[in-house]
Every structure is written in structure tokens, then in C-alpha cells.
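Participant: First the structure, which I've put down as C-alpha cells, then a few questions once you've had a look.
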Amino acid sequence: MSAKSEAVAKILAKIQPTWQPPTPLEGAPLVENALLCVLVRTLSQAQAEATIKSLKQAAGDWNELRVCQPQELQPLIATKDAARSLRAARDVRECLQEIFQWSHGYDLESLKEDWVAAGKFVTYLSFHGHRISHFLMWLAADKKTLPISAALVRMVDRLGVGERIGSLKKSRAPIENLAGGSKEVGAKEQDFLLRMSEVIDRWCHAQKPLCHQCPLVDDCVFGRKAFKEWKVQQVRMEQYRKKEEQRREILRKKEEEREKKLAEREKKRREAEQAKAERERARMQREEQRRKAIESKEKARVDEIQRRKAAAEAARVEKERQRKAAIEQKRKQAEQRKRDEEARKMAAAKAKAAAQLKQKAAAQKAAEQKRKEAERKAAERKKAAAAKAKKSSKTRRR
Ligand code: SF4
């Protein structure tokens with residue numbers, strides 16, 4: 001065994017694959033095998049195959065499934081475990097979406113036509129990863145040739161186990177030598193591919209390889225350098241973190257100090273405001289008392305004026321009443337005098353009238369007596385005349 005083969009064997013021994021390729025669906029399109037590879041992440045081989053069968057029966061084409069919601073695909077997943085079926089449904093959508101996005105369809109058979117183009121194409125299939133895409137390339141090549149992708153070339157180059165390789169075409173032979181040295185892809189080559197793909201997917205990313213986590217860091221030329229830089233970076237970051245912590249601590253203390261000063265200032269301001277408010281309240285109270293005193297004085301003055309006015313008015317009214325009473329008394333006295341005068345006059349008139357009546361009655365009585373005397377005298381005369389006549393008649397008759 002050459003030194004290079006020993007180095008590769010040592011490298012491969014450090015890698016533990018976490019995904020095993022499924023038994024491919026013979027004669028099925030590559031898209032179905034892609035789905036199978038994705039589904040076996042969650043389901044068993046039999047469940048994955050049953051799921052693909054259900055999916056094909058349920059939908060007219062793959063596009064219909066791509067635009068479905070995962071919840072719509074869930075009943076087609078051949079498991080009763082809700083969490084696993086939802087995850088598998090999401091994986092189906094993601095798988096179809098990624099294939100559609102980069103191939104504008106679902107025909108992966110083009111992988112068979114140009115292995116160089118295929119090796120570049122699979123670098124876009126980030127959801128599938130290189131373990132699946134290398135497996136699909138291997139299927140596309142009828143399991144006869146070792147899949148060579150840009151990521152695999154990059155990793156081999158970083159490991160430093162081969163010569164510096166420029167292109168995919170030129171890299172094929174050196175990588176085949178590393179994998180086993182055989183043109184045919186047997187179990188050894190498949191294991192090489194699986195373990196290398198595991199590293200590519202988990203750590204050896206194109207832009208930011210995670211060399212500090214990679215199990216091959218001690219055997220990798222690029223990784224050792226990157227790890228050293230990473231450690232330096234970590235030290236710098238730690239120093240920066242400490243400095244940042246110190247800076248933050250200083251800032252925190254300053255902030256605390258500032259807040260304390262602000263709080264004290266605020267406290268003083270509040271106290272001053274409180275004192276001012278107290279003074280203002282006392283002034284207002286004094287002002288209120290003074291105002292009340294003035295009001296009370298004014299009220300007393302007004303009351304006194306009103307009282308005096310009322311007294312003057314009462315006196316005036318009394319005087320007026322007395323004046324009116326005197327006038328009334330005078331008027332009554334005048335009326336009484338008048339009535340007395342009239343009564344006196346009336347009594348005098350009555351007395352005069354009575355006297356006149358008395359005189360008149362006396363006159364009448366006298367006249368009556370005179371008349372009666374006259375009548376008596378007339379009767380006496382008549383009687384005397386009758387007696388005379390009678391005596392004369394008697395005399396004549398004799
Ligand atoms: S150590 Fe870094 S560069 Fe080397 S294989 Fe691992 S991830 Fe890739």
C-alpha cells in the first residue's frame with residue numbers, strides 16, 4: 001500500500017457515515033430515487049417506497065405535489081407517526097422544489113449526458129446534499145463510474161492527498177486512484193464516496209468550512225492552517241470578548257454612575273419641587289386667609305351698611321307711619337268736629353224744627369180750640385137759634 005493510500009485509509013477511518021444510501025428503485029426515473037433518498041432520512045426503505053407509490057397515484061405530475069401544502073401531502077406518507085409524516089411531507093416538497101428550481105423541471109436524466117456538467121450542477125442541490133447527489137450521479141452513470149463533483153475535487157484538494165487539481169476532467173483519474181484505483185465502482189469506491197460526501201455535507205462547505213469541528217482537521221493541509229487561524233481567531237475573539245466585556249463593564253459602571261447621578265439630581269429636583277410646592281401651598285393658604293379676612297371685613301361692612309340702611313328705613317317708615325297716623329288723627333278729629341258740628345247743626349235744626357212743630361202744633365191746637373170754640377159758639381148759637389126758633393114756633397102755634 002502506497003503512502004497516499006495509507007493516508008486516505010486513515011482519513012476514511014475517521015469518518016462515521018450518518019446516512020446510508022437506500023436500495024435504488026431499479027428502472028425508475030432519477031427524481032423518484034431522489035425522493036427515495038430524501039424520504040429514507042425519516043422513513044424506512046419500505047415506507048419510503050410505499051409513499052412514492054401513493055404520491056404518484058394521488059397526483060397527475062410532480063409539479064402538483066410541489067405546490068401542495070405539507071399538510072395536504074401528509075396523508076400520503078406511509079407512517080402513522082404524525083411528526084415523522086409531517087417532516088417527510090415537508091422533505092418531499094423541498095426535494096421537488098429544489099430540483100424544479102435548478103433544472104426547471106423534474107427530469108434529472110440529463111445527469112447521465114454530461115458528467116462534468118452534472119458534477120457542477122449537484123453543487124446547487126444544498127437540500128439534497130452531496131451524499132444524495134453523488135448517489136444520484138452514480139445511478140445516472142449506471143453505477144459504473146465514480147461521481148466527481150466540484151465539491152469532491154475541492155475537498156480532495158483541501159486535504160492535500162492528491163496533486164493540485166485544476167478541472168473536473170483532470171481530477172477524475174487522481175480521485176479514482178484515491179478511491180481504490182479501479183475503473184469500476186465497487187464497495188470500496190462507494191464507501192470512499194459516502195464518507196467523503198459526509199464530510200462535504202457536514203463540515204467541508206465551499207465558503208465557510210467548519211474545520212475546527214471536522215474529524216479530518218489533523219490530516220488536512222487546508223484544515224490545519226484553517227484550524228490554526230481559527231484558534232488565533234478564537235484567541236482574538238476571546239480577547240476581543242474580554243475587552244468587550246471590560247468595555248461593557250466600564251460602560252455599565254459609567255451608566256450606573258450616570259444613572260445614580262441622574263437619580264440624585266432627580267431626587268434633589270423633586271425635593272426642591274416639593275419644597276417649592278409646600279411654600280406655594282403655605283402662600284396660598286395665607287393668601288386664602290387674607291382673602292377670607294378681607295371678605296369677612298367687607299361682609300361686616302356691608303352688613304353694617306345694610307343694618308344702618310334697614311334701621312334708617314325702619315325709622316323713616318316709623319316716622320312716616322307716625323306722620324300718617326298724626327294726619328289720620330287730625331283728619332279723624334276734623335271729621336269728628338265736622339260730624340259734631342253737623343250733629344249740633346242737625347240738633348239745632350231739629351230743635352228749631354221741633355220748636356216750629358211745637359209752635360205749629362200749639363198754633364194748630366189754638367186754632368183747633370178757637371175752631372172748636374167757634375164751633376161751640378156756633379153750635380150754641382145754633383142751639384140758641386133752634387131753641388129760639390122752637391120757642392118762637394111754640395109761641396106762634398099757641
Ligand atoms: S479539515 Fe476543513 S478543509 Fe479539511 S476536510 Fe475538514 S472541513 Fe474540509
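The values are calculated or read from the model by the stated rules, or taken from the named source; none is laboratory data. As the structure is a computational prediction, the values presented were derived from the model and not from experiment. Note that each Cβ is placed from the backbone with ideal geometry, even for glycine, and that neighbours are counted across all protein chains shown. Surface accessibility is based on the protein's heavy atoms, side chains included, excluding ligands, DNA and RNA. Shrake-Rupley method; radii C 1.70, N 1.55, O 1.52, S 1.80 Å.
Participant: Among the residues of the range 15-39, write down those that are within 26 Å of residue 216 (Cβ to Cβ), open to solvent by 30 Å² or more (accessible area, probe 1.4 Å) and of a type in the set (Val, Ile, Thr).
Facilitator: Result: 18, single match.
Participant: Still on this structure, please answer the following. Based on what the data block shows, is residue 116 under 26 Å from residue 203 (Cβ atoms) and either β-branched (Val, Ile, Thr) or in contact with a His (Cβ under 6 Å, 6 or more places away or on another chain) (or both)? It would help to see each step written out before you state the result.
Facilitator: On the way: under 26 Å from residue 203 (Cβ atoms): yes; either β-branched (Val, Ile, Thr) or in contact with a His (Cβ under 6 Å, 6 or more places away or on another chain) (or both): yes.
So residue 116 fits the description; yes.
Participant: It is to be established whether one or more residues within the range 201-211 are more than 11 Å from the ligand (Cβ to nearest atom), of a type outside the set (Val, Ile, Thr), part of a helix (DSSP H, G or I) and open to solvent by 70 Å² or more (accessible area, probe 1.4 Å).
Facilitator: Checked against the condition, which is being more than 11 Å from the ligand (Cβ to nearest atom), of a type outside the set (Val, Ile, Thr), part of a helix (DSSP H, G or I) and open to solvent by 70 Å² or more (accessible area, probe 1.4 Å), the range 201-211 yields no hits at all.
Participant: Any chance the range 76-97 includes a residue that's within 26 Å of residue 199 (Cβ to Cβ), among the β-branched types (Val, Ile, Thr) and assigned to a loop (DSSP other than H, G, I, E, B)?
Facilitator: no
Participant: Something else: Against the condition touching a residue at least 60 places away in the same chain (Cβ under 8 Å) and more than 24 Å from residue 7 (Cβ to Cβ), how does residue 216 come out, does it pass?
Facilitator: No, not satisfied.
Participant: Taking the range 180-200 on its own, how many of its residues are away from the ligand (no atom under 16 Å from the Cβ) and open to solvent by less than 60 Å² (accessible area, probe 1.4 Å)?
Facilitator: 7
Participant: Go through (1) within 21 Å of residue 124 (Cβ to Cβ); (2) of a type in the set (A, V, I, L, M, F, W, C); (3) within 10 Å of the ligand (Cβ to nearest atom) and name the single condition residue 175 misses.
Facilitator: It is condition (3) that residue 175 fails.
Participant: Checking the structure you have, find out if any residue of the range 144-160 is more than 16 Å from the ligand (Cβ to nearest atom), touching a Cys at 6+ places or on another chain (Cβ under 8 Å), among the aliphatic types (A, V, I, L, M) and part of a helix (DSSP H, G or I).
Facilitator: The answer is no, given that none of the residues of the range 144-160 is more than 16 Å from the ligand (Cβ to nearest atom), touching a Cys at 6+ places or on another chain (Cβ under 8 Å), among the aliphatic types (A, V, I, L, M) and part of a helix (DSSP H, G or I).
Participant: Within the range 212-235, can you find the residues that are surrounded by 11 or more Cβ atoms within 10 Å (Cβ to Cβ) and more than 12 Å from the ligand (Cβ to nearest atom)?
Facilitator: Those that are surrounded by 11 or more Cβ atoms within 10 Å (Cβ to Cβ) and more than 12 Å from the ligand (Cβ to nearest atom): 231, 233, 234.
Participant: Based on this model, can you work out whether residue 110 counts as among the small types (Gly, Ala, Ser), under 24 Å from residue 168 (Cα atoms) and surrounded by fewer than 16 Cβ atoms within 10 Å (Cβ to Cβ)?
Facilitator: yes
Participant: May I pose another question? Where residues in the range 113-136 are free of Cβ contacts under 8 Å to residues at least 60 places away in the same chain and aliphatic (A, V, I, L, M), which of them is surrounded by the most Cβ atoms within 10 Å (Cβ to Cβ)?
Facilitator: 122
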